[in-house]
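What follows is one structure encoded as structure tokens, with my remarks underneath.
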Amino acid sequence: MTFEGVIISSFGTGYKVASLDGEIYTCKAKGIFRQRNISPCCGDRVTVETAEGVEPLITEVHPRKNEIIRPPLANLDQMVFIMSTCEPPPNLLMLDKFSAVAQYKGIESVIVFTKTDKQPADDYVKIYRGVYPVFEVNNETGEGCDEVKKALQGKFSAFCGNSGSGKSSTINNICPELGLATAEISKSLGRGKHTTRRVDIFELDCGGYIADTPGFSTFETGKYDTIFKDELADCFPEFRDYLGGQCRFQDCSHTKETGCAILEAVRDGKISESRHRSYCEMYREASLIKPWELKDRQKR
């Protein structure tokens, strides 16, 4: 018998696969995957063969619509970025980098600001509202978590953020039956103790799956570590209305040129100065990639 399912956990050389009818199977993977340099990972849609007295075997990994490699996840619909308003304060450049990478990979971004009982999120919400779905939650009372849960319905979402940002607390408020471990902020370091050490996928009672991932420092992207500079503007959704011939120069970098429609939008308050600063920093970093490095990356 064969069936299709989704990998929801991996451990050593074993995998847990959820079938379409909700059954969970512990499986091994076919040895040929190693020869083909294929590593099945959480989120993969797979075909499994079963026979009486034999351990179920993953025989096919279906094509992925996207992937991230650290932590290994495939076929994501959205990344849910959990950002605390304080303790630790949000790193907006890092958020902008990872949301741009998600856009580059065809993954939607959702931003959730936590600890709003300690520090209001108004200034941050103003930056991102209209660009991505933005939510505010108070994990002490659970206020705002129902709205986040609705945004997860029927989708495969990965939760990520700096340690201490409130990932596990937010997930616990959305799915209290999971009882994920949380940790107090380390006062001496000013950041959270690392309570999430691996990727786990959980099914929501409202439909869909969520993955709790380690902190931002371990989030990397598939083939490209840096978005190429000529593709970067397309990864900032609020830039789109000002691209496509509105700029004075066809090869405009949108960083300093006279007549640039994006720079004018920044001056007019239609694009956040904070977001544009992040874009300029990312453009500067992408400009440092050497020509031979570009060729190497394009061959991968």
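The values are calculated or read from the model by the stated rules, or taken from the named source; none is laboratory data. In this text the structure is predicted, and so the values were computed from the model without any measurement. Virtual Cβ from ideal backbone geometry, glycine too; neighbours counted across all protein chains shown. Quick note on the areas: whole protein, heavy atoms, side chains included, nothing else; ligands and nucleic acids left out. Shrake-Rupley method; radii C 1.70, N 1.55, O 1.52, S 1.80 Å.
So if I restrict to the alpha-carbon atoms in the range 12-84, what is the Rg, and what is Dmax, the biggest pairwise distance, in Å?
In Å, with Rg to one decimal and Dmax whole: 13.9, 50.
Probe radius 1.4 Å, ligands and nucleic acids left out: which of 115, 290 has the largest accessible area, and how do the rest follow?
290, 115
Please compute the net charge surrounding residue 1, taking Lys and Arg as +1 and Asp and Glu as -1 over other residues with Cβ under 10 Å from its Cβ.
Combined, the nearby Lys, Arg, Asp and Glu give -2.
Would you tally the net charge around residue 27, using a Cβ to Cβ cut-off of less than 11 Å, leaving residue 27 out, and scoring K and R as +1, D and E as -1?
+1
For each pair in 65/167; 28/229; 149/229, compute the distance between the two Cα atoms and list the pairs where it is over 32 Å.
Violating the 32 Å limit, Cα to Cα: 28/229; 149/229.
Identify the GluC sites (Glu not before Pro) of the range 12-95 meeting these criteria: DSSP loop state and at most 16 other C-beta atoms within 10 Å of the C-beta.
Of the GluC sites (Glu not before Pro), the ones in loops of the range 12-95 whose Cβ has at most 16 other Cβ atoms within 10 Å are 23, 52.
With +1 assigned to the C-beta of every Lys and Arg and -1 to the C-beta of every Asp and Glu, and no other charges, what is the dipole magnitude of the range 1-149 about the Cα centre in debye, to the nearest 20?
With Lys and Arg at +1 and Asp and Glu at -1, about 760 debye.
How large is ³J(HN,Hα), in whole Hz, for each residue of the range 125-140 in order, when computed from phi with the Karplus curve 6.51 cos²θ - 1.76 cosθ + 1.60 and θ = phi - 60°, using x for Gly and Pro?
4, 4, 5, 9, 5, x, 9, 10, x, 10, 10, 10, 10, 10, 6, 6
What do you get for Rg/Rh of the range 103-144 when both radii come from the Cα atoms and Rh is the Kirkwood radius?
Across the range 103-144, the Cα-based Rg/Rh ratio is 1.05.
Computed over the Cα atoms of the range 1-155, what is the convex hull's projected area averaged over all directions, in nm²?
If I average the Cα hull's projected area over directions, I get 11.4 nm².
Using Cα pairs under 8 angstrom and six or more residues apart, how large is the relative contact order of the range 1-81, in percent?
27 percent
What does the accessible area of residue 86 come to, in Å² to the nearest 10, when a probe of 1.4 Å is used?
Using a 1.4 Å probe on the heavy atoms, I get roughly 30 Å².
Here are some pairs, 97/290; 115/150; 30/97; which of them have Cα atoms lying more than 25 Å apart in this structure?
Violating the 25 Å limit, Cα to Cα: 30/97.
Could you compute the net charge surrounding residue 281? Neighbours are other residues with a C-beta less than 15 Å from the C-beta of residue 281; K and R count +1, D and E count -1.
For residues surrounding residue 281, the net value is +3.
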